[in-house]
Each structure stands twice: as structure tokens, then as C-alpha cells.
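In what follows, a single structure is set out as C-alpha cells and then discussed.
Rule-based calculations on the coordinates, nothing more; no lab input. Note that the structure is a prediction, hence the values are computed from the model and not measured. For neighbour counting, all protein chains shown are included, and Cβ atoms are generated from backbone atoms with ideal geometry for every residue, glycine included.
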Amino acid sequence: MRVTVRAVIAEDSVLLREGLTRLLTDRGLEVVAGVGDGEALVRAVDELAAGDGVPDVAVVDVRMPPTHTDEGLRAAVLLRQRYPDLGVLVLSQYVEEQYATELLAGSSRGVGYLLKDRVAEVREFTDAVRRVAEGGTALDPEVVTQLLGRSRRQDVLAALTPREREVLGLMAEGRTNAAIAARLVVSHGAVEKHVSNIFLKLGLAQSDTDHRRVLAVLTYLNS
């Protein structure tokens, strides 16, 4: 029986690539390819798509050869365009807002942006990989903090209370209402009320075709 999550790892450091492979396989995921640059990543996913099928998620370093600038990100964006169901979790040494927003500029389904330091938190990291593979989001708290600082200067979120901004920030990290309630030490009902108020203040009416939670996070990230 095939392992639930099939992952591809794109990281130019052989030690880190092997470490990520071991970490994920030890936690029950299947690493179907490991590559060291953006072009190799695209080739690997194309070959897998032609054979066993598109993998569930690609874990991608932003900076890879030859220039070590944004090769990984550009490959990830290309693959998202080519295979919309492919989850992409980008790893970066530092918070780079431009890369985070560029990754999220298209479909918000199955995307993540984490600092490499988070890999040491094994359970949280593997949970993030699974969440992105299943179509969810996973944003590093440091990324959210920086984007929130920028968002506070924008009128679009001016109507939100400090608590509602906090809840929206945790939503952007990919957390469920239950997880938000646990983090803020409030009731599940209180979180639901805050989320409803956020939807109302951002003008996100209930719809059969649009996911209000995703739209709220995109409004937050793009503001």
C-alpha cells in the first residue's frame, strides 16, 4: 500500500537534503526524489507525473544553484502553474517578504513558507509538510509577524481589533479554530465569533464557490 504523502525535496546542501529525507521517512512520509537545483526539481516532478503521478508536496529551498538567489522559488512557481494540485513548502534562511507574497500570489491551496530553523522542531515541521500536501497552508510565525507589521499600516485591516488581527495572523499560519483557541487560551466559541467578525469586516460574504478563510488570509497577506 502506497504511503499517504509522497514528497520531493529540493535542497543544494547534500547534508540537509539527506537529513530532511531521513526526518520525513522516519515520520511515515515517502520521499520519491531528492535534487540539488531548480531545473532538476522541475525535471523530477515532470518525470514523476509521467510515471506514478504528481507527488503530493515539494519541499523547496528558495536559494539554489547557479546564482543562489531565487532559483528554488521560480521553480516552485512554475510547478504550481503546471501542476495546481502539487503542494509547495518553501524553506528559507531568512524572512523574505517578496518571496512569501510571490509564492502566495496565485492559488493559496497547498502552500507554505517556513524558516529553516523550524526543521529542528520535528513534529511541527512534519505536520506542516502534511498540511501543505493536503491542500492547507503553513506560514512561519516570523513571516506572519513581519507581514502583520506591514499590514497594520494599511487601511484594509484598520477595522479589525487587536485580537481579531491576532486570530487572523494565526489563521495565516494554517491553524484551525481549535488550535487558535488553544494558543490564545480562549473558548472555541470565542474564536468562531472572532472569525465571523473578521469575515464581516473584510466584506467576505458566505459563498458556495469561494473559501472565506483562504480569502481572509490572502487579504491579510496582500495588504
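What does the C-alpha gyration tensor say about the overall shape of segment 1-95? Classify as rounded when a/c is under 1.5, otherwise prolate if a/b is larger than b/c, or oblate. Oblate, since a/c reaches 1.5 and b/c is not below a/b. 3J(HN,Hα) along segment 29-43: 8, 10, 8, 9, 6, x, 10, x, 7, x, 5, 5, 4, 4, 4 Hz, from the Karplus curve 6.51 cos²θ - 1.76 cosθ + 1.60 with θ = phi - 60°, whole Hz, x for Gly and Pro.
A Förster radius of 41 Å, combined with the Cβ-Cβ distance separating Ala50 from Gln206, puts the computed FRET efficiency at roughly 0.50. In loop segments of segment 1-83 as defined by DSSP, the trypsin sites (Lys or Arg not before Pro) with at most 16 further C-beta atoms inside 10 Å of their C-beta are Arg2, Arg27.
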